[in-house]
Each structure stands twice: as C-alpha cells, then as structure tokens.
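First the structure, in the form of structure tokens, and then the observations on it.
Derivation of every value follows stated rules applied to the coordinates shown; laboratory data play no part. All values reported here derive from a predicted model rather than from experimental measurement. Here Cβ is always computed from backbone atoms with ideal geometry, including for glycine, and neighbour counts include all displayed protein chains.
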Amino acid sequence: MNHAAIQPRTYLVVYIVLLVLLVFTIAGAYIPIHVLATVVAFVIATIKAILIVLYFMHVKESSTLVRVFGGAGLLWLGILIAGTLHDYLARGWPPPP
C-alpha cells in the first residue's frame, strides 16, 4: 500500500489543535455551565478523537473499506453513548435527603 506521506507540519498543526482542545477541556471543568458541562466535554472529546483517528491512525489516506469500518466504529460508539445516556436520564432518581 503506497500512501501519500503526511507532512511534519500537518502533525504539528494537529498537535497544536489537540493542545488547544485540552485547554478547553480543562477550562470547561472550572467554568460553571452546569447542564451543558457534559455536552461540552463530549463534543470536545469527539473532536479530539476524530483528529487522532484521521491523522495519527492514517484513516484519512486509507482505502474506502478502512474508512467504512472507522465510521462504523464511531457510529457504534455513538449508539453505546446514546443508550447509556438514555438509561441514565430515564431513571427515577430519588430526591436528595
């Protein structure tokens, strides 16, 4: 398999973007946005995961079959997260004492 080489500059840009997203993640832990904190954390984590899969796992330059299975894996992860959130939100939690 002969793939086009990714330039070191691209790795550097992706690394800097990941560091900026890390700062956003840490800042999100300290900013009191209560209800949206989990949503913001999931969105940031999803963006970081997509960047890592595309560039560091070389899915961006891979064949269509690899992209399909990568997308299927992300779809399955989304189904698992949605099912977990559905279960968590559907429970009748007792009021605090």
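Whole-Hz Karplus values for region 17-27 come out as 4, 5, 5, 5, 5, 5, 4, 4, 5, 5, 5 Hz, taken residue by residue from phi with 6.51 cos²θ - 1.76 cosθ + 1.60 and θ = phi - 60°; glycine and proline positions read x.
What the Cβ-Cβ distance of GLN7 and LEU80 gives, at R0 = 30 Å and to the nearest 0.05, is a FRET efficiency of 0.30. Fully extending the segment from ALA90 to ALA49, taken as 0.36 nm per residue of separation minus the present Cα-Cα distance, adds 12.0 nm.
Largest GNM mean-square fluctuation across LEU80, LEU19, LEU51, computed for the chain with C-alpha springs under 10 Å, falls on LEU80.
At 222 nm, what helix-only mean residue ellipticity would the chain give, in deg cm²/dmol to the nearest 500, using -39500 (n - 2.57) for each DSSP H run of four or more?
The helix contribution divided over the chain gives -23500 deg cm²/dmol.
Ranked for footprinting exposure by Cβ neighbours inside 10 Å, fewest first, TYR11, TYR30, TYR88 give TYR30, TYR88, TYR11.
With a/c under 1.5 counting as rounded, go ahead and sort the chain into rounded, prolate or oblate using the C-alpha gyration tensor (a ≥ b ≥ c being the square roots of the eigenvalues; past the cut-off, prolate if a/b is larger than b/c, else oblate). Oblate, since a/c reaches 1.5 and b/c is not below a/b.
Counting other Cβ atoms within 10 Å, which trypsin sites (Lys or Arg not before Pro) in region 9-97 have at most 12 and lie in a DSSP loop? Those satisfying the criteria are ARG91.
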